[in-house]
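The values are calculated or read from the model by the stated rules, or taken from the named source; none is laboratory data. Since we're looking at a predicted model, the values are computed, not measured. Don't worry about glycine lacking a Cβ; one is built from the backbone with ideal geometry, like all the others, and counts go over all protein chains shown.
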């Protein structure tokens, strides 16, 4: 099992918090987005909605919104990534958080497999409950019944850290 490419990919993926400024290719972006559409979803409903943002002025707006909620407007919660992928899901579904989370995780693994770095970012739920966030959703044609689940900062990694040792007793077999 140690030579399995999927398991190796999982073990080698890291959260990237420093990105090169150059934009990823359209082909790379498409591969990551398409992988997200194959994520498992409750009852197979594929209810999540994925939005990729590469427009610098919109990224700046998202950085500002997220940093405000974080409580530190001087920070860039997306770590300077040239692409931000947002995931929304309908809150009236019992598995909306799980569905959106599976999409995010699947895209992170896809990114790793093609040489891109990613980091799961939080606070999108709060961002898209604000008036500015709701306005952006309308501008993008995102139904107001959807809720922000999370985002990926996506791009070429500036640096990649080593994996922390796995803690003892992380899992058990009974």
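Tabulated results
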item	result
Filtered residue count, segment 1-17, keeping only those that are under 15 Å from the mean Cα position of the chain (by Cα) and in a loop (DSSP other than H, G, I, E, B)	4
Condition broken by residue 98, with the remaining ones in (1) assigned to a helix (DSSP H, G or I); (2) farther than 15 Å from residue 153 by Cβ; (3) touching a strand residue (DSSP E or B) at 6+ places or on another chain (Cβ under 7 Å) satisfied	(3)
Some residue of segment 101-117 being surrounded by 15 or more Cβ atoms within 10 Å (Cβ to Cβ), at pLDDT 95 or above and part of a strand (DSSP E or B)	yes
Single condition residue 79 does not satisfy, out of (1) in contact with a helix residue (DSSP H, G or I) (Cβ under 9 Å, 6 or more places away or on another chain); (2) closer than 18 Å to residue 16 by Cα; (3) in a loop (DSSP other than H, G, I, E, B)	(1)
